[in-house]
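Here the structure is laid out as structure tokens; the discussion comes afterwards.
The values are calculated or read from the model by the stated rules, or taken from the named source; none is laboratory data. Being a predicted model, the structure only gives us computed values, none of them experimental. A quick note on method: Cβ atoms are made from the backbone with ideal geometry, for glycine too, and the neighbour counts reach across all protein chains shown.
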Amino acid sequence: MCLSFSKAFSVATALLLTCAASRAQSADDLIEKGDVFALKFQADEALKDYLAAEKLDPKNVRLLVRISREYRHLMSDASKTAEKLRLGGIAVDYAKRAAALGPNDPDAQLAVAISYGKLQPLASTKEKVETARIIKSEADKAIKLDPRSDLAWHVLGRWNMGYAEVTGVKRALAELVYGKLPAPTYEDAAKCFEKAIELKPDRLIHYIELGLVYSRMGRTADARRVITQGLAMKETEKDDPETKQRGRETLAKLR
């Protein structure tokens, strides 16, 4: 009787382990399928597989980071402000879940910074100040966890550039309402983008943004050189066409 029970228990345990393994494999398979669509920038199709995988593995940090990214891509494609805000909010939620589950995962921390950054142009002044502090904190965390993350340095460069542009009366008025603001410079921003290029020299966004900073600094020749270099590079990421357009507009204004 004991032997029979033991045998039955062993069989049941084996079945449970087999089912668990099958579940994990199924989630991995769905993620791989989603990755194929993500590489083609087909966010809707990628999300079908990613969200299905999430049901099987809801605490998978790398999956949550992917889902956040795809919602940001949908946000970029949306034409109405309300829809952009909705999709951006979902991206933030998934990024925050990933960051909470993976406090030592640099990509998860960076996803929070990038997602909030996407919402910044649509935010109120108060929201911009509040979320800017989060963006800086998460970018710093990502760099601490992975000093070779070119995207983390890029985000920090964008942050420095944004605050460097808040000057004079506008800064004084903002500080009266929201408290002391950071005081980074264009030089700080340039150093971040230069570091990003050093780490990832084939990513065109680094060159375009560095060119924009150089133009603000009055370094016209340098701005023209790096923007031209970025414009000549192959488009490999979702935002590359928009980034190149900003580069062309900046280049046309340089004298």
Self-check item: Number of positions in the range 134-153 that are charged (D, E, K, R), crowded, with 16+ Cβ neighbours inside 10 Å and part of a helix (DSSP H, G or I)
Solution: 5
Practice problem: Hey, can you tell me all the residues within the range 106-133 that are over 20 Å from residue 145 (Cα atoms) and acidic (Asp, Glu)? | Solution: 127, 130
Quiz item: Of (1) outside the structural domain of residue 69 (by TED's automatic domain parsing); (2) closer than 21 Å to residue 203 by Cα, residue 110 satisfies all except one. Which?
Solution: (1)
Quiz item: Which helices (runs of 4 or more DSSP H) sit wholly inside the range 188-255 and have at least 3 residues that are surrounded by 12 or more Cβ atoms within 10 Å (Cβ to Cβ) and touching an Asp or Glu at 6+ places or on another chain (Cβ under 7 Å)?
Solution: 204-217
Quiz item: Scanning for something of a type in the set (Asp, Glu), farther than 22 Å from residue 242 by Cα and touching a residue at least 24 places away in the same chain (Cβ under 8 Å), does the range 72-87 turn up at least one residue?
Solution: no
Quiz prompt | Cross-chain or 6+ apart pairs with Cβ under 7 Å, the range 53-66 first and within 16 Å of residue 100 (Cβ to Cβ) and assigned by TED's automatic domain parsing to the domain that holds residue 90, then outside any loop (DSSP other than H, G, I, E, B) and among the aromatic types (Phe, Trp, Tyr) | solution = 63/50; 64/94
Quiz item: Taking the condition hydrophobic (A, V, I, L, M, F, W, C) and modelled with pLDDT of 95 or more, does residue 98 pass?
Solution: yes
